[in-house]
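Beneath this line is the structure, given in structure tokens, with notes to follow.
The values are calculated or read from the model by the stated rules, or taken from the named source; none is laboratory data. Computed from a predicted model, the values in this text were never measured in an experiment. These area figures cover heavy atoms from the full protein model, side chains too; ligands, DNA and RNA do not enter into them. Shrake-Rupley method; radii C 1.70, N 1.55, O 1.52, S 1.80 Å.
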Amino acid sequence: MRIFYLIIILAISIVTNATPFFGTPYTLVATTLLLKCGITPINLAEAIILTGVGAAVAKSFMYFIGLGARKGLKRNKNVIFFSRFTGKKSFYIILFLTSIFPFLPLDDLVYLIGGTTKTSLLSMLKISLLAKIIKSSIEIPIEAFGILQISEAIGISPFETGVISTVIMTILAIILFKIDWESIYRKIEKYLTNNKYFRLP
């Protein structure tokens, strides 16, 4: 793949992932450029690695935002709730799962909390790097096929598809941050506690 396109892919992966709770489909942008250059094993590997590295490294911005706004964020209900898990194995499992989760930037909240509680940034980045590369290796091939099929079927260009996806994901990300996660957890906990077949640890 041309160096110009590689720079664009890396830059977009960093910028969009460094923007708090902005669910921009950076892999979709990479996939579009990949289709333009031609899908070969080398081009595909370059797109996967660059999006993975860019997305993982960019999350440090959210960490430092949390670190710099510790006093104010400590009163946030979601931060108070999730901070109970920081430093534990469950926290890093949550980080891996949210980093690999498609469409929504759930790991932004985890990094925000990580910065607020001064969790090891290096440990978090190692997990994110693995997760983001896995995520890109799954999403990009699927998107390459999907873009071609959808664009041909409804007559919308890949670029327009990306713009529409960006708007939708941004709205969903805002809604996600406003959700009272502790209340949802308590309801699930109550349900499972009252159900003899399930028990929360």
The lysines whose Cα lies under 20 Å from the Cα of residue 190, excluding any fewer than 8 residues away in the same chain, are 77
With all protein chains in place and a 1.4 Å probe, residue 110 shows an accessible area in Å² (nearest 10) of 10
Using a 1.4 Å probe on heavy atoms of the protein chains only, the accessible area for residue 93 in Å², nearest 10, reads 90
Over its alpha-carbon atoms, segment 73-148 yields an Rg and a Dmax in Å of 14.1, 46
Length gained if residue 138 through residue 182 is fully extended, taking 0.36 nm per residue and subtracting the Cα-Cα distance, is 12.7 nm
Taking a straight Cα-to-Cα line shorter than 20 Å from residue 135, and setting aside same-chain aspartates and glutamates fewer than 8 residues away, one finds 46, 107, 108, 143
